[in-house]
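One structure is given here, and the rest of the page talks about it.
The values are calculated or read from the model by the stated rules, or taken from the named source; none is laboratory data. Given the structure is predicted, the values throughout are model-derived calculations rather than measurements. Counting neighbours? That spans all protein chains shown, and the Cβs are built from the backbone with ideal geometry, glycine included. Please note that ligands, DNA and RNA were not included when accessible areas were found on the heavy atoms of the full protein model with its side chains. Shrake-Rupley method; radii C 1.70, N 1.55, O 1.52, S 1.80 Å.
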Amino acid sequence: MEIKSRSRRLRGSEGLRSLMSETKLSAGELVAPIFVRYGKGIVEPIASMPGINRYSADKVGDYVSALAEIGIKSVLLFGIPRHKDRLGTAAYSDEGIIPKAVSAIKDAVPSTVVMADVCLCEYTDHGHCGVIRGTGVDNDMTLPLLSKAAVAYARAGADVVAPSAMMDGQVAAIRGGLDAAGYKDTVIMGYSAKYASEFYGPFRSAAGSTPQFGNRKAYQMDPANAREAMKEIELDIKEGADIVMIKPALAYLDVISEARRRFNVPIAAYNVSGEYAMLKSAAANGWIDGDKAALEVLLSIKRAGADLIITYHAETIARQL
Ligand code: PBG
């Protein structure tokens, strides 16, 4: 038998494989999520996310310096406040945990791209992402609070604000608020296609943001819908989003890939807590090699078309690269 085309020729050595590699990963495109909490001197492991800690603002600078040494230049901050209330006031206070952490990071490593998640769920006593009115979350009452939070974070020095509340018009409201306050160059990364996903479970126990009643299906997207994601992304771009995000990543690679084809803005993918925890628990059981599996997962997200990847694996991956 005569075989003319032998695909294996190009796989024969490490050198050839490296030349033929279509997708490259680098630390510069990874964003490390960081949980910052009230208090002092705290580095506290998160049970549902092995390898990830909560840091108090005085400890976060050291961590970001360690990340910078291995090439990770961007972080995405989530805050855990001392007090929660009905309106999530700790989210938009200039003395809140996020402004504190932003200044600590800018003091430690000024070149860090500091991104701040903008949402109310970690700050409300009911755990929903906006203001409760009647039995649900009121969209339009929530917008000014999100805008206020974004301005407070920009004032503290955040480079990027990332609204994740899935309120309609949130990007426009935030752009308007930032511009009016003189923060015309603050970047907005919209959580444009954010699904009502089971894969946020470990994050919610880490941040104490589980809704105390009901669920988030009236504002986050239905996992069955891909066309609707294109509509959401288009709206966010029209409202002024500089970067659009798809979240979670792994169960939605088709959405990332379709968005890549349609839109000419940077696309972020969020490899969320549940995706991380599944892999970690399989590795802890000895069923897979966690480091190798993480690399494969991130390559798949990149291959699908993401430009930047927000991932709890950032540190371990950057050490392997
Ligand atoms: C806040 C927010 C959530 C996540 C990011 N921002 C939780 C949620 O919507 O319930 C999840 C991130 C993760 O699971 O890693 N709205």
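Any idea what diffusion coefficient the stretch 119-193 gets from Stokes-Einstein, in µm²/s, Kirkwood Rh on alpha carbon pairs, 37 °C, 0.692 mPa s?
On the way: Rh = 12.4 Å.
Diffusion coefficient, whole number: 265 µm²/s.
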Quick one: pull the percent of accessible area on the stretch 25-320 belonging to carbon and sulfur, 1.4 Å probe, ligands and nucleic acids left out. 51 percent
Within the chain, what is the longest stretch that has no GluC sites (Glu not before Pro) placed in a DSSP loop and near at most 14 other beta-carbon atoms within 10 Å? 96-321
Testing the spin-label approximation: label points 7 Å from Cα along Cα→Cβ at THR316 and LEU16. State their distance in nm. 3.2 nm
How big is the Cα convex hull of the stretch 55-98 in projection, averaged over all directions, in nm²? 3.5 nm²
Is the C-alpha gyration tensor of the stretch 86-162 telling us rounded, prolate or oblate? Criteria: a/c under 1.5 is rounded; beyond that, a/b larger than b/c is prolate, otherwise oblate. prolate
Below 9 angstrom from the Cβ of PHE78, what's the summed charge of the other residues (Lys, Arg +1; Asp, Glu -1)? -2
Using θ = phi - 60° and Karplus 6.51 cos²θ - 1.76 cosθ + 1.60, couplings along the stretch 67-72 (whole Hz; Gly, Pro as x): 5, 4, 4, 9, x, 8
Distance from the Cα centre of the stretch 37-62 to that of the stretch 85-129, in angstrom? 15 Å
Per DSSP, loop trypsin sites (Lys or Arg not before Pro) in the stretch 205-288 with at most 14 further Cβ within 10 Å: LYS217
Counting sequence-distant residues (5 or more places) and residues on other chains, those with an amide H built under 5 Å from that of MET221 are LYS194, TYR195, ALA196
Taking a quarter of the surface of the convex hull around the Cα atoms of the stretch 72-205, what do you get in nm²? 8.3 nm²
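Need one word for the stretch 205-321: rounded, prolate or oblate. Basis is the Cα gyration tensor (sqrt eigenvalues a ≥ b ≥ c); a/c below 1.5 gives rounded, then a/b vs b/c decides.
Oblate, because a/c is 1.5 or more while a/b does not exceed b/c.
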Near LYS84, which lysines are there with a Cα under 19 Å away, not counting those fewer than 8 places off in the same chain? LYS40, LYS100, LYS148
Return the sequence-ordered ³J(HN,Hα) values of the stretch 11-18 in whole Hz as given by the Karplus equation 6.51 cos²θ - 1.76 cosθ + 1.60 applied to θ = phi - 60°, using x for Gly and Pro. 10, x, 9, 4, x, 5, 4, 5
Below 26 Å Cα-Cα, how many Lys pairs turn up in the stretch 163-321? Only count pairs eight or more apart in sequence, or on different chains, if you could. 22
Residues other than ASP140 with Cβ under 12 Å of its Cβ, Lys/Arg counted +1 and Asp/Glu -1, net out at -1
What does the accessible area per residue of the chain come to in Å², with a 1.4 Å probe and no ligands, DNA or RNA counted? 45 Å²
So, over other residues within a Cβ distance under 14 Å of ILE42, counting Lys, Arg +1 and Asp, Glu -1, the net charge is +3
Using θ = phi - 60° and the Karplus curve 6.51 cos²θ - 1.76 cosθ + 1.60, what whole-Hz ³J(HN,Hα) does each residue of the stretch 102-110 get, with Gly and Pro shown as x? 4, 5, 4, 5, 5, 5, 6, 9, x
How high is the relative contact order of the chain? Use alpha-carbon pairs under 8 Å, at least six apart in sequence, and give a whole percent. 18 percent
For the chain, take the alpha-carbon Rg, divide it by the Kirkwood Rh, and send me Rg/Rh. 0.99
